[in-house]
Amino acid sequence: MTEFSFSRKDRTINDEIEAIKELLKIVDVHAPSGEVTYKKSGKPAGCLKPHGYTQIGFKKKLYHKHRVIFFSVHGYLPPIVDHIHGVEAGDGIGNIQAITQSQNCMKRKMRSDNTTGYRGVSFDKNKKRYSAGIKLNGKRISIDYFDTAIEASEAYKAKAKELFGECYVEEHTSR
């Protein structure tokens, strides 16, 4: 099975790796700080985009700086390279990690149409109770029903910590 780059569906990870190998011949990577500079000029490589990511143009294609840094340090490129503490905390190697799609979904902010105020919690009108549930690999896992949204939220958090470990981000669980 051909694996595509998570950030770009128009190229495979192998295509991205080959291009990054070539790019690394003309740039210097300072992994701790997340800086990438051109060898000849010493100027920073890339352009900060409105979504917060820095992209480096190379051979008419764009590459996310954090993916270039990850590959330069680890020698492989996973489908998803995540910013542990958010993109705002920078592209330093201490702030980026390889994660799965499920783990990445766990880090999303709560949906804007959430009515309970808690991530993974919904109110069942028929049972008149709060339901806690979580998604793993595209499948919803029902945790249980509870009398209060807070109880359901605590059950959700416990299950999320169990399933996602260090990728679980608690600050995104409630408003």
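Output yes when any residue across the stretch 116-139 is in a helix (DSSP H, G or I) and either farther than 22 Å from Glu35 by Cα or in the same structural domain as Gly52 (by TED's automatic domain parsing) (or both), and no when none is. Working first, answer last.
Restricting attention to the stretch 116-139, the residues satisfying the condition of being in a helix (DSSP H, G or I) are none.
Checked against the condition, which is being in a helix (DSSP H, G or I) and either farther than 22 Å from Glu35 by Cα or in the same structural domain as Gly52 (by TED's automatic domain parsing) (or both), the stretch 116-139 yields no hits at all.
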Return yes or no: is Ile150 outside any helix (DSSP H, G or I), β-branched (Val, Ile, Thr) and under 24 Å from Gly165 (Cβ atoms)?
no
Per-region count, the stretch 1-47, residues more than 13 Å from Pro78 (Cα to Cα), among the charged types (D, E, K, R) and at pLDDT 95 or above
9
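Being outside the structural domain of Gly165 (by TED's automatic domain parsing), at pLDDT 95 or above and either in contact with a Pro (Cβ under 7 Å, 6 or more places away or on another chain) or not aliphatic (A, V, I, L, M) (or both) is the requirement here; does Gly86 meet it? Step through it out loud before you land on a result.
Details: outside the structural domain of Gly165 (by TED's automatic domain parsing): yes; at pLDDT 95 or above: no; either in contact with a Pro (Cβ under 7 Å, 6 or more places away or on another chain) or not aliphatic (A, V, I, L, M) (or both): yes.
Taking the combined requirement at face value, the residue does not satisfy it.
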Residue count, the stretch 91-106, condition surrounded by fewer than 20 Cβ atoms within 10 Å (Cβ to Cβ), hydrophobic (A, V, I, L, M, F, W, C) and assigned to a helix (DSSP H, G or I), comes to 2
I want to confirm something. Restricting to the stretch 112-144 and keeping residues that are surrounded by 16 or more Cβ atoms within 10 Å (Cβ to Cβ) and hydroxyl-bearing (Ser, Thr, Tyr), which single residue is nearest to the chain's Cα centre (by Cα)?
Tyr118
Among (1) closer than 30 Å to Ala31 by Cα; (2) of a type in the set (Asp, Glu); (3) assigned to a loop (DSSP other than H, G, I, E, B), where does Asp113 come up short?
(1)
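The values are calculated or read from the model by the stated rules, or taken from the named source; none is laboratory data. Just so it is clear, the structure is predicted and the values come from calculations on it, not from any experiment. Cβ: placed from backbone, ideal geometry, glycine included. Neighbour counts: every protein chain shown.
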